[in-house]
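Student: Here it is: the structure, laid out below.
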Amino acid sequence: MEEKEEFEEIRVGERVKELREQKGLSLKEVADLTGFSTALLSQMENHLVSPSLGTIIKLARAFGVRVGDFLGE
């Protein structure tokens with residue numbers, strides 16, 4: 001009998017947008033804090049691209065949160 005594992009999709013982009021809005025920051029301000037383009041940040045928020053671990057670390061530092069906060073831990 002084959003076991004079927006179900007994985008909950010991690011929606012990092014939603015968390016990026018939530019944190020940005022909670023902090024009252026524009027995409028431009030987050031871009032300035034992280035060095036990422038506003039286009040890339042927008043693509044993350046709209047689930048067009050998935051950020052790398054290094055990108056998540058940089059975002060966590062900019063928002064002053066733990067990396068786990070992006071992963072639902």
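Student: Tell me, Kirkwood radius of segment 8-47 from alpha-carbon pair distances, in Å?
Tutor: 10.2
Student: Taking the Cα centre of the chain as origin, work out the dipole magnitude from +1 charges on Lys and Arg Cβ and -1 charges on Asp and Glu Cβ, in debye rounded to 20.
Tutor: With only Lys, Arg, Asp and Glu charged at Cβ, the dipole is about 580 debye.
Student: Test of understanding: what is the full-extension gain from S52 to E18, defined as 0.36 nm times their sequence separation minus their Cα-Cα distance?
Tutor: So the extension gain works out to 10.4 nm.
Student: Picking from G54, S37, G68, whose Cα lies most toward the positive end of the charge dipole for segment 21-73 (charges on Cβ: Lys, Arg +1; Asp, Glu -1)?
Tutor: G54
Student: Same structure, new question: Please compute the length gained on full extension between S26 and R11, using 0.36 nm multiplied by the number of residues separating them and subtracting their Cα-Cα distance.
Tutor: 3.4 nm
Student: From the Cα trace of the chain, what convex hull volume per residue do you get, rounded to a whole Å³?
Tutor: Dividing the Cα hull volume of the chain by its residue count gives 94 Å³.
Student: Expected output is a single nm value to one decimal: the length gained when fully extending between L71 and A39, i.e. 0.36 nm times separation in residues minus the C-alpha distance. What is it?
Tutor: Working it through step by step, the gained length comes to 9.3 nm.
Student: List nothing, just return the count: lysine pairs in the chain, 8 or more apart or interchain, with Cα separation under 26 Å.
Tutor: Within the chain, the lysine pair count is 4.
Student: Give me the net charge of L27's neighbourhood, meaning all other residues with Cβ under 13 Å from the Cβ of L27; Lys, Arg count +1, Asp, Glu -1.
Tutor: 0
Computed from the coordinates by the stated procedures, all read-outs in this text should not be read as laboratory data. Please read all numbers here as calculations on a predicted model, not as lab measurements. Neighbour counts are summed over all protein chains in view; Cβ atoms, including those assigned to glycine, are modelled from backbone coordinates with ideal geometry.
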